[in-house]
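*Asks:* There's a structure below that I have some questions on.
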Amino acid sequence: MPFRDFEPLLPLVQKPGRYTGGEPGSIMKNPQDVLLRYAFCFPDTYEIGMSNLAMKILYGLANAREDCWCERCFTPWVDMEKLLREKNIPLWALESGDPLRDFDLLGFTLQYEMSYTNVLNMLDLAGIPLRSEDRPALAPLVIAGGPCACNPEPLAPFVDLFILGEGEEVSDELLDLLAAYKRGHRSKEAFLRAASQLEGIYVPAMHEPPKIVKKRVVRDLDACYFPESFVVPLLEVVHDRTVTELFRGCIRGCRFCQAGFLSRPVREKSPEVVDRQCRALCDHTGYEEVSLCSLSASDYTRLPELLDSMLDWAVPQKINVAVPSLRADQFPPEMMEKLARVRRSGLTFAPEAGTQRLRDVINKNITEEQILSTARQAFSGGWTSVKLYFMIGLPTETDEDILGIAALAQKVVDEFYRNPDKPKGKGVQVTVSVASFVPKPFTPFQWEAMDTREEIARKQALLRSAVRSKKIKLSYHDREISLLEGVFARGDRRLAEVLELAWRGGARFDGWDDQFKPALWAECFDALCIVPEDYLRTREKDEALPWEHLDYGVTKTFLWRERERAFAAQTTPNCREGCAGCGVNCFHTCAP
C-alpha cells in the first residue's frame, strides 16, 4: 500500500527516506473507517518540517479523532520533483501513499515567507488547481495557518481559509464543521460562509470590510492537547530531539520581533505538566535529548523548580536537557550548575545590536556587562562554544553600531582567555550570526523602511573587515533573499500574480541559497510592472496597511507609541515590571 507508483523512483533521488513514511510513531488508519482525510503539508523539506512543533501537535490532535486520519506531506526536493513530473506521478501523503487530490483537507503551515512558491508547487504536483476559485467542490479544501498568516494577502487567491493565531481549539471546530457539511453534501460556498463565523478564521473570498477577524488564543496550556509521542524520523532532521513548550507569548517587547507580539499574551504551563510531557516523550520516542521551547526560556517563572524535577530522571538516563533562547541577563550560576549536570551543548544568546544605544532603540533591555558576565560564568562552567545573534539594518543604525558587533564578539573571546577557570587545554569558538532586519507586521517597526541591497552589502563588508580573530566565525543571510522576504512580509494581494509567475518560471525553495533565483524574480516584477522597492519603503502613520482587517490583540496605537519611544532611544519595561497597555488583555489571559 505505501509505495505504489513512486517506489521505483526512490533509488534515483537523494535521501529517499524523505518519501517513504513508515517511521516509528506514525499513525496508520483504515481510510474506510474515517470520514475525513487530512493532509498536513509542510512547504519545505522533510528534515525541516519534521522539526516543527506545530506539525507534531496538530498531527496528533487530528488523529485523536475517530472520524479523521491526518497524514504528512513535505515539499519534494528538486530531484524528486523532476521525476514526478516526467512520470506524471501525483504528490502523495507519507502514511498511506494516497494522492493528495483524494483528501478532504490540505493544511499548510506558513512559517516563512520564502516558502510560498513551495505551497503552489505542492498543489500543482498534487494535480490540484492553484486558485481557490478554480476549486468549486468542497474537497479538497486548502487551508493555511502559522505566523505568516498574520498577513495572508499575497497567498489569499490560492487559499480557501486562514487560521489566525493558535490552532488547537479552532482546528477541532473546523473539522467538526467540515464533517457535518460533508455528511450533508453541502456546498463549498456554504461551508466557507459558516467557517467565517468561527473566531480565528479568515476567508479571503468572503471577507467584507469593515469586519475585523480576531486571532484565536488558547487560554489554558495545561488543559490544551499535547501528544505523548512524536513520529521519530528515519533520517537526521534539523532538530533531532524531542521538545515541549514552557509557555507561549513573551514579556519582553523587543520592537523588531514579530513572534513576540503575535504570540501574546503570556501563558505558562505548570512545571508538573512540562515534566510529565517531557518524560512521556522520551519514554515513547527513545530520544536522548529534550528541548524546552519558548521565545525566552529564562523568563519561565518556575524554571529552577522544573529543572530540579527533570534532572532527577534525565541525569540517570543520560538524557540531555537543552534550554535554548536564554537571555544573557538571566543565566545565574545556579542554573549553569543545573545544566552542567547533563551534556553541554553550545550556548546561544541574542544581543541583536552591537551598541547600548541601539539595544535601547530596539528595547532589548540588556547591557554589555550582562552579556560579558554571562560569558564568564559559562566559560567557568566548562562551556567553550557561544553563538551570538545580531541584526544589521535596524532603524537609526550607524556604522558605529556595525563595528560594535565585531567589538562585542571580540570581548567575549577575550573573556575566555583571561578567565582562570576556563576549561584547560581548550579554545573558544564564538559564532556570530547576522541577519538583515526585515520590518514585519504587528511590530513597532512595521512602518519602517528596509535597507537597500547596496546598503546591506556595504554593512556586511564593513563588519567582515572588522572581524580579525580566527576564534570568531561570521555568517550572514543572503541579502537578496532577505529583501524578497521583506517584500512579501508587508505585501498585498497584487503579489499573488508575481508569486504565481515566479513559480511557473521555476522558483522553488527560495529560502535556500543554492536554489534562489533573484534574476527570475526581478523579471517577474518587471513583467507585471510591480516595483518591489515600493513594499520596502517607509509607511506613513495613517496609511492603510494590508493586514489591518486582522486583529492579533496588540493595538496600532500601542505599536506607534513604541515606535516613537524607539526613535527617542527610550526603553519600555517588560510586562512583569508593569503593563504597557499593548491591548492583549482583551483575551483576559495575561500571566502575572
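The values are calculated or read from the model by the stated rules, or taken from the named source; none is laboratory data. As the structure is a computational prediction, the values presented were derived from the model and not from experiment. Backbone-built Cβ (ideal geometry, glycine too); neighbour counts: all protein chains shown.
*Asks:* Filter the range 261-280 down to the residues that are surrounded by 22 or more Cβ atoms within 10 Å (Cβ to Cβ) and not basic (Lys, Arg), then identify the one that is farthest from Gly578 (Cα to Cα). Spell out the reasoning first.
*Replies:* Initially, the range 261-280 is screened for residues surrounded by 22 or more Cβ atoms within 10 Å (Cβ to Cβ), giving 261-267, 269, 274, 278.
Those still in the list that are not basic (Lys, Arg) too: 261-263, 265-266, 274, 278.
On the way: Phe261: 16, Leu262: 19, Ser263: 19, Pro265: 14, Val266: 14, Val274: 27, Cys278: 32 Å.
Looking at the filtered set, the residue picked out is Cys278.
*Asks:* Going through the range 56-91 one residue at a time, which ones are within 24 Å of Ile27 (Cα to Cα) and charged (D, E, K, R)?
*Replies:* Lys56, Arg65, Glu66, Asp67, Glu71, Arg72
Here's the yes/no breakdown for (1) in a strand (DSSP E or B); (2) farther than 26 Å from Arg508 by Cα; (3) in the same structural domain as Gly146 (by TED's automatic domain parsing); (4) acidic (Asp, Glu):
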{"position": "Tyr59", "(1), (2), (3), (4)": "no, no, yes, no"}
{"position": "Trp69", "(1), (2), (3), (4)": "yes, yes, yes, no"}
{"position": "Asp79", "(1), (2), (3), (4)": "no, no, yes, yes"}
{"position": "Lys82", "(1), (2), (3), (4)": "no, no, yes, no"}
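*Asks:* Moving to a separate point now. What's the number of the only condition in (1) in contact with a strand residue (DSSP E or B) (Cβ under 8 Å, 6 or more places away or on another chain); (2) under 25 Å from Leu174 (Cβ atoms); (3) in a loop (DSSP other than H, G, I, E, B) that Pro227 fails to meet?
*Replies:* Single failed check for Pro227: (1).
*Asks:* Now, a different point. Find the residue count for the range 103-116, including only residues that are surrounded by fewer than 24 Cβ atoms within 10 Å (Cβ to Cβ) and out of contact with any Pro (no Cβ under 8 Å at 6 or more places or on another chain).
*Replies:* Going through the range 103-116 one residue at a time, the tally reaches 2.
*Asks:* Among (1) among the hydrophobic types (A, V, I, L, M, F, W, C); (2) at pLDDT below 95; (3) under 26 Å from Pro136 (Cβ atoms), which single condition is Ala194 missing?
*Replies:* (2)
*Asks:* Another one. What pairs come up if the first residue lies in the range 30-52 and is not assigned by TED's automatic domain parsing to the domain that holds Gln14 and β-branched (Val, Ile, Thr), the second is assigned to a helix (DSSP H, G or I) and surrounded by 24 or more Cβ atoms within 10 Å (Cβ to Cβ), and their beta carbons are under 9 Å apart, counting only those six or more places apart or on different chains?
*Replies:* Pairs found: none.
*Asks:* Separate question: May I ask you to list the residues in the range 453-473 that are part of a helix (DSSP H, G or I) and either surrounded by 17 or more Cβ atoms within 10 Å (Cβ to Cβ) or in contact with a Leu (Cβ under 9 Å, 6 or more places away or on another chain) (or both)? Walk me through how you get there before you give the answer.
*Replies:* Start the filter on the range 453-473 by keeping residues that are part of a helix (DSSP H, G or I), which leaves 453-466.
If the condition is that a residue be part of a helix (DSSP H, G or I) and either surrounded by 17 or more Cβ atoms within 10 Å (Cβ to Cβ) or in contact with a Leu (Cβ under 9 Å, 6 or more places away or on another chain) (or both), then Arg453, Ile456, Lys459, Gln460, Leu462, Leu463, Arg464, Ala466 are the ones that fit.
*Asks:* Please specify each residue of the range 481-506 satisfying the condition of being in a helix (DSSP H, G or I) and either modelled with pLDDT under 95 or within 20 Å of the chain's Cα centre (by Cα) (or both). Please lay out each step first, then the result.
*Replies:* Residues of the range 481-506 in a helix (DSSP H, G or I): 481-489, 495-504.
Selection gives Ile481, Ser482, Leu483, Leu484, Glu485, Gly486, Val487, Phe488, Ala489.
*Asks:* Based on what the data block shows, is Leu106 assigned to a loop (DSSP other than H, G, I, E, B), in contact (Cβ under 8 Å) with a residue 60 or more places away in the chain and outside the structural domain of Pro441 (by TED's automatic domain parsing)?
*Replies:* When the stated conditions are applied, Leu106 does not pass them.
*Asks:* Then there's this: Among the candidates Arg219, Arg252, single out the residue that is surrounded by 18 or more Cβ atoms within 10 Å (Cβ to Cβ) and under 22 Å from Phe442 (Cβ atoms). Can you show your working first?
*Replies:* Numbers: Arg219 fails: surrounded by 18 or more Cβ atoms within 10 Å (Cβ to Cβ).
It is Arg252.
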